[in-house]
Amino acid sequence: MNIRSLILGSAASLVAISGARAADPVVLAEPEPVEYVRVCDVYGAGFYYMPGTETCLNVGGYVRYDIGAGFLGHEDVVDKKDLVNGIVDFNDTYYKRARAALKLDARTDTELGTLRSFMQINFNWDTTTLATNFGDVTSTKQAVDVEHAYIELGGFLIGRTDTFFDTFSNYAGNVINDDLIAYGPTSKSIHTISYTFHGTNGFSAGLALEEGYDDYTIDSYVPHVTGGVKFTQGWGGVSVMGGYDSVYEEWAAKARLDFVATQTISAFVMGGFKSDDAGEPNFYGQWGGDWAVWGGMTATVSPKAAFNVQLSYDDHQNFAAVANVAYELVPGLTITPEVVYADNFDDDTVDAFDGGKFGGFLRFQRSF
């Protein structure tokens, strides 16, 4: 009797407990909130907000393959097969370069203006030439180049980028080989500190302190100095630049006029003048002689193709003509064939342009 009462009592207790638990609400753990990437259209296409911040980021770059021949290739390189047999003979061959470029652009609105940081790293693999006792031989070279790494805030810029002498006047034409007659320090990017004022009526002005590169690198606490003024409108614009080389104590100046003829045709002309004391080096005036001129045109011939041409000439009678067609095969992929003619019209001068040189260049570029 006692055992049966114990069993019945236990069963009743279990039923009561189960009923009480069944009446309790079921509580499930809530999932963590998902923060989707938001588009940032303040600075143009391609920017998005970094999750959890008000900073807009653009990740981009390109993959490029260049092929040069003739004047733009490698000339007079040793024939390796003949060299093995003790014969020194020379050939011409291609110049080739593969490049992968990565760009990061981060921007944030602040009470002092837009805070921007920008970087571009180039990974290059080039065909090059090596000087030997027998003559130049072809080889390959790989390199990593930090082309741009700078910070901007409210018109101030500090870091590594192209010289202000070139960027403020918008370089030269829209051809690839626009610097056969150099319009400034076009070889490499440099360390620079600059300030640019942008007015509301198209007027802007700027000043930069720069370090230089190679034989032009400053050798004291006195930097190179460059600056300019610019006025732009719907019809085009005009800009004037000046630069002082503190190493060789030389100066150079440029003036540029841009003209927009129609919605599809634009042109420019630019002139440079420099001090040229017995041919001393000049960081900002790297053309030949006292003066040089450049001119060019761009014509958009279809939604996918643009024709570009540029002519240049300097005081040492160096002449260069460049023309190309930039064709967008599909969105993001542009193929640009380019032809070049270069000559020095002074029969008493022997240089890279002497005798008239033809060259060809072909570029494939996939941008993203």
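Taking residues in segment 348-368 that are touching a residue at least 60 places away in the same chain (Cβ under 8 Å), and partners anywhere that are in a loop (DSSP other than H, G, I, E, B) and of a type in the set (Val, Ile, Thr), the pairs with Cβ atoms closer than 8 Å and at least 6 places apart or on different chains are PHE361/ILE176; ARG363/ILE176.
Let's see how each residue does on (1) among the small types (Gly, Ala, Ser); (2) in contact with a helix residue (DSSP H, G or I) (Cβ under 6 Å, 6 or more places away or on another chain); (3) at positive phi:
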{"residue": "GLY184", "(1), (2), (3)": "yes, yes, yes"}
{"residue": "SER194", "(1), (2), (3)": "yes, yes, no"}
{"residue": "PHE197", "(1), (2), (3)": "no, no, no"}
{"residue": "PHE203", "(1), (2), (3)": "no, no, no"}
{"residue": "GLN233", "(1), (2), (3)": "no, no, no"}
{"residue": "TRP251", "(1), (2), (3)": "no, no, no"}
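Among the residues making up segment 166-205, those that are surrounded by fewer than 19 Cβ atoms within 10 Å (Cβ to Cβ), farther than 26 Å from VAL293 by Cα and in contact with a Gly (Cβ under 8 Å, 6 or more places away or on another chain) are HIS191, TYR195, PHE197, HIS198. Being surrounded by 14 or more Cβ atoms within 10 Å (Cβ to Cβ) and touching an Asp or Glu at 6+ places or on another chain (Cβ under 8 Å) is a property that SER246 lacks. Just one residue in the set GLY271, GLY242 is in contact (Cβ under 8 Å) with a residue 12 or more places away in the chain, within 29 Å of ARG363 (Cα to Cα) and in a strand (DSSP E or B); that residue is GLY271.
Residue-wise test of (1) of a type in the set (Val, Ile, Thr); (2) under 23 Å from ASP354 (Cβ atoms).
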residue	(1), (2)
LEU72	no, yes
ASP76	no, yes
ALA100	no, no
ARG107	no, no
GLN120	no, no
PHE134	no, no
VAL137	yes, no
THR140	yes, no
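Residues in segment 68-97 that are exposed (fewer than 15 other Cβ atoms within 10 Å of the Cβ) and either among the aromatic types (Phe, Trp, Tyr) or farther than 26 Å from ASP343 by Cα (or both): LYS80, LYS81, ASP82, VAL84, ASN85, GLY86, ILE87, VAL88, PHE90. Taking the numbered list (1) surrounded by 13 or more Cβ atoms within 10 Å (Cβ to Cβ); (2) modelled with pLDDT under 95; (3) closer than 25 Å to GLU147 by Cα; (4) hydrophobic (A, V, I, L, M, F, W, C) in turn, ALA45 passes all entries but (1). For the condition of a type outside the set (Phe, Trp, Tyr), closer than 22 Å to GLU210 by Cα and either surrounded by fewer than 18 Cβ atoms within 10 Å (Cβ to Cβ) or touching a Leu at 6+ places or on another chain (Cβ under 8 Å) (or both), what is the one hit in VAL260, VAL293, VAL240, VAL269? The unique qualifying residue is VAL240.
Being of a type outside the set (S, T, N, Q) and loosely packed, with under 15 Cβ neighbours inside 10 Å is the filter here; which residues of segment 103-122 pass it? Of everything in segment 103-122, those that are of a type outside the set (S, T, N, Q) and loosely packed, with under 15 Cβ neighbours inside 10 Å turn out to be ASP109, GLU111, LEU112, GLY113. The residue that is farthest from ALA100 (Cα to Cα), counting only those in segment 123-165 that are crowded, with 18+ Cβ neighbours inside 10 Å and aromatic (Phe, Trp, Tyr), is PHE165. Residues that are out of contact with any strand residue (DSSP E or B) (no Cβ under 7 Å at 6 or more places or on another chain) and touching a residue at least 24 places away in the same chain (Cβ under 8 Å) were ranked within segment 133-170; the one that is nearest to LEU209 (Cα to Cα) is ASP162.
Number of residues in segment 177-220 that are under 30 Å from GLY359 (Cα atoms), touching a residue at least 12 places away in the same chain (Cβ under 8 Å), in a loop (DSSP other than H, G, I, E, B) and among the acidic types (Asp, Glu): the value is 1.
Among the residues of segment 39-69, what is the count of those that are of a type in the set (D, E, K, R) and part of a strand (DSSP E or B)? Can you show your working first?
We begin by selecting, within segment 39-69, every residue of a type in the set (D, E, K, R); these are 41, 54, 64, 66.
Next cut, part of a strand (DSSP E or B) only: 64, 66.
Residues in segment 39-69 being of a type in the set (D, E, K, R) and part of a strand (DSSP E or B): 2 in total.
Among the residues of segment 317-359, those that are crowded, with 19+ Cβ neighbours inside 10 Å and more than 26 Å from the chain's Cα centre (by Cα) comprise ASN318, ASN344, PHE353.
Determine whether VAL229 is hydrophobic (A, V, I, L, M, F, W, C) and either surrounded by 19 or more Cβ atoms within 10 Å (Cβ to Cβ) or over 25 Å from the mean Cα position of the chain (by Cα) (or both). In short, no. Within segment 221-239, the only residue that satisfies the criterion of being assigned to a loop (DSSP other than H, G, I, E, B) and of a type in the set (A, V, I, L, M) is VAL222.
Quick grid of which residues meet (1) at pLDDT below 65; (2) surrounded by 10 or more Cβ atoms within 10 Å (Cβ to Cβ); (3) of a type outside the set (Asp, Glu):
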| position | (1), (2), (3) |
| --- | --- |
| SER5 | yes, no, yes |
| SER13 | yes, yes, yes |
| VAL37 | no, yes, yes |
| GLY60 | no, yes, yes |
| ASP66 | no, yes, no |
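The values are calculated or read from the model by the stated rules, or taken from the named source; none is laboratory data. Owing to the predicted nature of the structure, the values given are computational and were not obtained by experimental measurement. Because the Cβ atoms are built from the backbone with ideal geometry, glycine has one as well, and the counts that use them run over all protein chains shown.
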